[in-house]
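Beneath this line is the structure, given in structure tokens, with notes to follow.
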Amino acid sequence: MTRRPLIAGNWKLQNGLDASTSLARAVAAGIDASTKPEVVIAPVFTALASVATVLRELEGKTVGLAAQDLHWEDKGAFTGEVSAPLLTDVGCTHVIVGHSERRQLFGDTDERVRRKVEAALRGVLTPIACVGETLEEREAGLTLEVVLRQLDAIATNLHDVSRIVLAYEPVWAIGTGRVAKAEDAQDVHHAIRNRVRELAGDAVAEGMRILYGGSVKADNAAGLLSQPDIDGALVGGASLDASQFLAIVAAA
Ligand code: PGA
């Protein structure tokens, strides 16, 4: 089966309104109907509505819009949170869930991540669910154990696993300039796909897109994206520069 690659830009907490809308315009200018991968951008919450308007105004441009997180309940007394229906309301198509920064800095556990993925699926959002080991875990030889545990937590008991996009992001490679070797990343992606096969069958496993994230740049993207089980990239730092990001899109 051929899987359409997906390149997602995670803008993190970097750009305000003006910078987000101009970056969205610059990215969209480089995308047209012939662009091979699906392209998604994830601005800060406060810029989502404006970026959605920019993207809507650009006829024939199909750039997806992602939030960087969501709450697992749709509504209620949850001060400061944002839910799947609200994200859909402002024009989001995707949502990043379980990013390692959320796990490490904001208390997202495997269980919370599962509930967030479930909330995205209940709505019409495509969750981009992140898994990945820390440097300590890697050095202790625990990479697969950790990644597959995180995957099991996400993928077990969900009603529509086939709508999930997975992202393997080794924590030690995020924002460090230290990218995983393409063959090492491929091994982990292969193991993830095999586990999806066990959990959800061949068709889901073959259709599921598994992105790599962690210091993806224009000059290392082609090597990673040519691996058979790497179906795209979740790009942080390099997604803040339209020409770098579009070069990664072109490499897919
Ligand atoms: P990076 O971030 O590309 O800056 O390493 C990736 C991510 O955090 O998703």
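Against the condition surrounded by fewer than 17 Cβ atoms within 10 Å (Cβ to Cβ), of a type outside the set (Gly, Ala, Ser), within 11 Å of the ligand (Cβ to nearest atom) and more than 18 Å from the chain's Cα centre (by Cα), how does ARG178 come out, does it pass? Outline the logic, then answer.
On the way: surrounded by fewer than 17 Cβ atoms within 10 Å (Cβ to Cβ): yes; of a type outside the set (Gly, Ala, Ser): yes; within 11 Å of the ligand (Cβ to nearest atom): yes; more than 18 Å from the chain's Cα centre (by Cα): yes.
Answer is yes for this residue.
Inspect all residues belonging to segment 101-111 and state whether any of them is in contact with a helix residue (DSSP H, G or I) (Cβ under 6 Å, 6 or more places away or on another chain) and under 27 Å from ALA52 (Cβ atoms). Before you say what the answer is, go through the steps one by one.
As a first pass, look at segment 101-111 and keep what is in contact with a helix residue (DSSP H, G or I) (Cβ under 6 Å, 6 or more places away or on another chain): 108, 110.
Restricting the remaining residues to those that are under 27 Å from ALA52 (Cβ atoms) gives 108.
Yes: segment 101-111 contains one or more residues that are in contact with a helix residue (DSSP H, G or I) (Cβ under 6 Å, 6 or more places away or on another chain) and under 27 Å from ALA52 (Cβ atoms).
What are the residues in segment 181-228 that are of a type in the set (Ser, Thr, Tyr) and over 18 Å from the mean Cα position of the chain (by Cα), if any? Show your work before the answer.
Residues of segment 181-228 that are of a type in the set (Ser, Thr, Tyr), as a first pass: 212, 215, 226.
The answer is SER226, and nothing else.
Among GLU81, GLU111, GLU136, GLU101, which is within 16 Å of the ligand (Cβ to nearest atom) and either closer than 21 Å to ASN10 by Cβ or not in a loop (DSSP other than H, G, I, E, B) (or both)?
On the way: GLU81 fails: within 16 Å of the ligand (Cβ to nearest atom); GLU111 fails: within 16 Å of the ligand (Cβ to nearest atom); GLU136 fails: within 16 Å of the ligand (Cβ to nearest atom).
One residue alone meets the criteria, GLU101.
So which of LEU48, LEU17, LEU87 is away from the ligand (no atom under 16 Å from the Cβ), more than 25 Å from SER215 (Cβ to Cβ), more than 18 Å from the chain's Cα centre (by Cα) and not charged (D, E, K, R)? Show your work before the answer.
Details: LEU48 fails: more than 18 Å from the chain's Cα centre (by Cα); LEU87 fails: more than 18 Å from the chain's Cα centre (by Cα).
Just a single option satisfies the conditions, and that option is LEU17.
Look through ILE164, ILE154, ILE210 and report the one residue that is more than 15 Å from the ligand (Cβ to nearest atom), closer than 24 Å to ALA251 by Cα, aliphatic (A, V, I, L, M) and in contact (Cβ under 8 Å) with a residue 40 or more places away in the chain.
Residue meeting the stated conditions: ILE164.
Would you check if GLU145 is outside any helix (DSSP H, G or I) and either within 17 Å of the chain's Cα centre (by Cα) or not hydroxyl-bearing (Ser, Thr, Tyr) (or both)?
Working: outside any helix (DSSP H, G or I): no; either within 17 Å of the chain's Cα centre (by Cα) or not hydroxyl-bearing (Ser, Thr, Tyr) (or both): yes.
Here the answer is no, as GLU145 does not meet what is asked.
May I ask you to verify whether GLY214 is out of contact with any Pro (no Cβ under 8 Å at 6 or more places or on another chain) and not acidic (Asp, Glu)?
no
Could you check, for segment 233-248, whether at least one of its residues is at pLDDT 95 or above, away from the ligand (no atom under 14 Å from the Cβ), at negative phi and among the charged types (D, E, K, R)?
For segment 233-248, residues at pLDDT 95 or above, away from the ligand (no atom under 14 Å from the Cβ), at negative phi and among the charged types (D, E, K, R): absent.
What residue, of ALA191, ALA200, ALA173, is at pLDDT 95 or above, of a type in the set (A, V, I, L, M) and either away from the ligand (no atom under 15 Å from the Cβ) or crowded, with 20+ Cβ neighbours inside 10 Å (or both)?
Details: ALA200 fails: at pLDDT 95 or above; ALA173 fails: at pLDDT 95 or above.
The match here is ALA191.
Output the number of the condition that VAL95 fails; it satisfies all remaining conditions of (1) in a loop (DSSP other than H, G, I, E, B); (2) under 17 Å from the mean Cα position of the chain (by Cα); (3) among the hydrophobic types (A, V, I, L, M, F, W, C).
(1)
The values are calculated or read from the model by the stated rules, or taken from the named source; none is laboratory data. Since the model is a prediction, treat every value here as computed from it, not as a measurement. As a convention, Cβ positions derive from the backbone with ideal geometry for all residues, glycine included, and neighbour counts pool all protein chains shown.
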